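First the structure, in the form of structure tokens, and then the observations on it.
Nothing in this text is a laboratory measurement; each read-out follows from the coordinates by a stated rule. Just so we're clear, the structure is a prediction, and the values are computed from it rather than from any experiment. Quick reminder, even Gly has a Cβ in these numbers, built from the backbone with ideal geometry, and neighbours come from all protein chains shown.
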Amino acid sequence: MDPVVTLKRPSVVDYSLCIFCQNHTAGLITSKASDHGLATVKHATSSRRKLRDSKNIDLINRLENVLDSAEAKTLVWHKMCYAHFTDKNKLERLQKTQVVDSKPEASCSRTGCSTNKLGLMHFLSNCYVEGSVDLSHDETNE
Ligand SMILES: [Zn+2]
């Protein structure tokens, strides 16, 4: 009954618009997807998925759905949007930031930044108690 409900539906793809930006930009001509273009986009999509390109996650989801459907061959896109998405330099940069980002996290959880202080205190108190017990023990025994 309520027509607003249909507007709320997410991931409705308008195939007459550029698949990347889904915007009608005046003056920008959309071109039809070629087989080669589709293969390139598919590759870029899976690369970005692997690299956890969170900025484009909606687009990645949309492309993954569309690229495997029968509609893939009817896709149109702005050459600029296509170039942006499949840009090898951008993908390489994503890969690099991934490596840089994951390093401190991995070493942090392994050594335990937050447990370091507690661990040290634990170590010190244990050492102190053991040392004093051992000393008094030796003294009383001899
Ligand atoms: Zn576009």
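Structural remarks
- Local charge for T40 was computed over the other residues whose Cβ lies under 11 Å away, with Lys and Arg +1 and Asp and Glu -1, and equals 0.
- Pair Q95, S31: separation of 7 Å Cα→Cβ label points (nm): 2.5
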